[in-house]
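The values are calculated or read from the model by the stated rules, or taken from the named source; none is laboratory data. Just so it is clear, the model here is predicted, and its values are computed rather than measured. Cβ placement follows ideal geometry from the backbone for every residue including glycine, while neighbour counts extend to all protein chains displayed. For accessibility, only protein heavy atoms count, side chains too; no ligands or nucleic acids. Shrake-Rupley method; radii C 1.70, N 1.55, O 1.52, S 1.80 Å.
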Amino acid sequence: QVQLVEFGGGLVQAGGSLRLSCAASGSILSINAMGWYRQALGKQRELVAAITSGGITNYADSVKGRFTISRDNAKNTVYLQMNSLKPEDTAVYYCNADIRRRIGLREGYWGQGTQVTVSS
């Protein structure tokens, strides 16, 4: 019933920028926190940035000052603006959303993942 679809990954040179988007659709009563995670080859999945329904944000230390998370509640969409990209940012990026489909049913959902590759 609920799908999260990501867009915006690609290949970029170091120092460049990319903007990721993730739109939730389906039977949704409300969306609480939304966030972005990434997983590089051979590494654990890690939280990159998160944003609450009230707009409070949290970032991994490695991306502070370079990445910005935002959301458009009317479109059920979360964005990740990535600037000053570094090769170590290379990973598959996944969006996540804490969604209430009905009263008493609150679950987490994942996007399909989008590849971000940063060349030196």
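One table, with the values for the structure above:
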quantity: Largest-first ordering by accessible area, 1.4 Å probe, given options F7, F67; calculated: F7, F67
quantity: Region 39-83, dipole about Cα centre (Lys/Arg Cβ +1, Asp/Glu Cβ -1), debye to the nearest 20; calculated: 60 debye
quantity: Relative packing of peptides 108-115, 28-35, 90-97 - highest average C-beta neighbours within 10 Å first; calculated: 90-97, 28-35, 108-115
quantity: Apportionment of accessible area to carbon and sulfur, the chain, percent (1.4 Å); calculated: 48 percent
quantity: Magnitude of the charge dipole, region 49-120, Cβ model with Lys/Arg +1 and Asp/Glu -1, debye to 20; calculated: 320 debye
quantity: Shape metrics for region 7-120, restricted to C-alpha atoms - Rg then Dmax, Å; calculated: 14.1, 49
quantity: Nearby lysines by direct alpha-carbon distance to K86 (threshold 20 angstrom, same-chain neighbours under 8 apart not counted); calculated: K43, K64
quantity: Nearest-0.05 FRET efficiency for N73 and A14, computed from C-beta distance (R0 30 Å); calculated: 0.35
quantity: Net dipole in debye of the chain [+1 Lys, Arg Cβ; -1 Asp, Glu Cβ; about Cα centre; nearest 20]; calculated: 220 debye
quantity: Per residue solvent-accessible surface (Å²) - region 60-109, probe of 1.4 Å; calculated: 51 Å²
quantity: Share antiparallel - DSSP beta bridges, the chain, percent rounded to 5; calculated: 90 percent
